[in-house]
Amino acid sequence: MTTTHQFSALPPFWGDHVIDVKTWGNGQKIEPADMRRYVSDVLQGLMAPPACRRTVADVAAQQKSAGAYHVLQLDKPGMGTGAMHSFDSTGGQMSKDPFKIHAPLDGLYEVSCGVVVRAVSGSLGFVAVAMNKNQTAGSTIAATSFCRTGAGRTSAAEKVGAATATIPLAEGDFVSVAVHSDTDFCFGDGSFAQFVSHVDLRWVGVKP
């Protein structure tokens, strides 16, 4: 009986995105080129999958009015108060838009966000956070979101909320986050160094 072994080569994170599969028969020699194409690419993909984490903080201009969902505008990786905690492993392909994080190739992605909001004045009431894909308007992000959650109080004037989900994305798809409050609020305040929100997108597997 012949034993066969399969290795699937993960595609590069830009360029040719076709997953290639090779089958070896029992005793068949594996050439150096095979190791590069079918084996080391898999290991590299597991060690350094496409991933992007972007933060937002200390942006006074992001004060928002009550009663509507507002899309979170993100700093570029390496910029803003959260710079030390942000990155884009694709060199900017995932972070090319201020309101979105893009998927550089087909795959199963884990997306997460942590949002800190603060009342412009007084106390915060109800606060909700929504995540969605391929939507740009706050109202649509909320209406068809794949994940939506409330935010809990850390103080009378501040609330925090977090959410995570694993979803399939095609190359070029993007995720965005919108926040709603029944009190005027802001995403950033220069008086509070710990006031950092984030959105994170990372490739975790082959698209189902």
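At 7 Å along the Cα-to-beta-carbon direction for both VAL120 and ALA143, put a label point, then send me their distance in nm to one decimal.
In this crude spin-label approximation the distance works out to 2.5 nm.
Quick one: 3J(HN,Hα) in Hz for segment 143-154, Karplus 6.51/-1.76/1.60 with θ = phi - 60°, rounded, Gly and Pro as x.
Using θ = phi - 60°, the values come out as 5, 10, 4, 7, 7, 9, 8, x, 10, x, 8, 9 Hz.
Give me a comma-separated list of calculated 3J(HN,Hα) values for segment 171-184, in order, Karplus coefficients 6.51, -1.76, 1.60 applied at θ = phi - 60°, integers in Hz, x for any Gly or Pro.
In residue order, the calculated couplings are 3, x, 4, 9, 10, 8, 10, 10, 10, 10, 8, 8, 10, 3 Hz.
Which residues' amide hydrogens lie under 5 Å from the amide hydrogen of TYR109, considering only partners 5 or more residues apart or on another chain, with H built in the peptide plane?
Distant-sequence amide H within range of TYR109: ILE167, LEU169, VAL204.
Please list the non-local residues whose amide H lies under 5 Å from the amide H of THR90, H modeled 1.01 Å from N, same-chain partners needing a gap of 5 or more.
Those qualifying (amide H under 5 Å, at least 5 residues apart or on another chain) are ALA51.
Can you give me the three principal axis dimensions of segment 49-208 from its C-alpha atoms, in Å, biggest first?
47, 32, 22
How would you classify segment 90-174 from its alpha-carbon gyration tensor, with a ≥ b ≥ c the square roots of the eigenvalues: rounded for a/c under 1.5, else prolate if a/b is greater than b/c, otherwise oblate?
It comes out prolate by the Cα gyration axes.
Efficiency by 1/(1 + (r/R0)^6): what FRET value for VAL204 and ALA33, r their Cβ-Cβ distance, R0 = 22 Å, to the nearest 0.05?
With R0 = 22 Å, the Cβ-Cβ based efficiency is 0.20.
Near the amide H of ILE101, under 5 Å away, which other amide H atoms are found, from residues 5 or more places off or on another chain, if H is placed in the peptide plane?
Long-range HN contacts for ILE101: VAL175.
Could you give the accessible area per residue of segment 117-164, probe 1.4 Å, as a whole number in Å²? Please list the in-between numbers first.
On the way: 2180 Å² over 48 residues.
That works out to 45 Å² per residue.
The values are calculated or read from the model by the stated rules, or taken from the named source; none is laboratory data. Please read all numbers here as calculations on a predicted model, not as lab measurements. In this analysis, Cβ positions are derived from the backbone assuming ideal geometry, glycine residues included, and neighbour counts consider all displayed protein chains. For the accessible areas, the whole protein counts, side chains as well, though only heavy atoms, and no ligand, DNA or RNA atoms are used. Shrake-Rupley method; radii C 1.70, N 1.55, O 1.52, S 1.80 Å.
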